[in-house]
Amino acid sequence: MQNLEPVIAPHHPMQTEEEPNPSRPEKFVRTPRTWKRKFQDAFEGLRQSVQQQSSYKVHFSAAFLVIATGFLLNLDSIRWALLILCIIVVLAGEMLNTSIETLAKAITDQYDENIAKALNISSGAILVLSLGAAAIGLVILTKAFLRLF
């Protein structure tokens, strides 16, 4: 979990002294972390993302099929690099989408048109990344398959 400690927001010189406003929550700042802690947090984020999104099953299945096909077709290093890059971009994009969804849930549990638009745009970005990766994979694997004949 993240290392967050509450801190009171600094007093603005133009503010008058008033009672604390419950609609203004305390500010959270991340305490300095070691490199070890940064990697632990990153792996925790990866675990949370995979657990939270069922679409990872689809992405991992597609990645497995692409990798298995790549081995069967004996791809060269450039083609491997492109396929791996496509897989990584889609998985990282899915993680960003998951983080946006998580933030949206933290902001409100009520319907909000702007949040709905942001979630739709984020999902659309994953669709574009996935279709682009599939197109690149199709070109690479089809060409490699045709070379067999």
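The values are calculated or read from the model by the stated rules, or taken from the named source; none is laboratory data. Only a predicted model underlies this, so the values are computations on that prediction, with no experimental measurement involved. Note: ideal-geometry Cβ built from the backbone for every residue, glycine included; neighbour counts use all protein chains shown.
Here are some notes:
- Test: residue in the range 54-63 that is basic (Lys, Arg) and modelled with pLDDT under 95: yes
- Selection count where residues are part of a helix (DSSP H, G or I), more than 17 Å from the chain's Cα centre (by Cα) and not hydrophobic (A, V, I, L, M, F, W, C), scope the range 29-47: 2
- Residues satisfying the stated conditions in the range 108-120, i.e. exposed (fewer than 12 other Cβ atoms within 10 Å of the Cβ) and either in a helix (DSSP H, G or I) or out of contact with any helix residue (DSSP H, G or I) (no Cβ under 8 Å at 6 or more places or on another chain) (or both): Asp109, Gln110, Tyr111, Glu113, Asn114, Ala116, Lys117, Asn120
- Residues of the range 68-96 that are part of a helix (DSSP H, G or I) and in contact (Cβ under 8 Å) with a residue 60 or more places away in the chain: Thr69, Gly70, Arg79.
- Within the range 128-149, the set of residues being surrounded by 12 or more Cβ atoms within 10 Å (Cβ to Cβ) and either modelled with pLDDT of 95 or more or under 17 Å from Val58 (Cβ atoms) (or both) comprises Leu129, Ser130, Gly132, Ala133, Ala134, Ile136, Gly137, Val139, Ile140, Leu141.
- Being over 17 Å from the mean Cα position of the chain (by Cα), polar (S, T, N, Q) and part of a helix (DSSP H, G or I) holds for only one residue in Ser61, Ser99, and it is Ser61.
- Meets criteria (surrounded by 10 or more Cβ atoms within 10 Å (Cβ to Cβ), at pLDDT below 90 and part of a helix (DSSP H, G or I)) for Val50: yes
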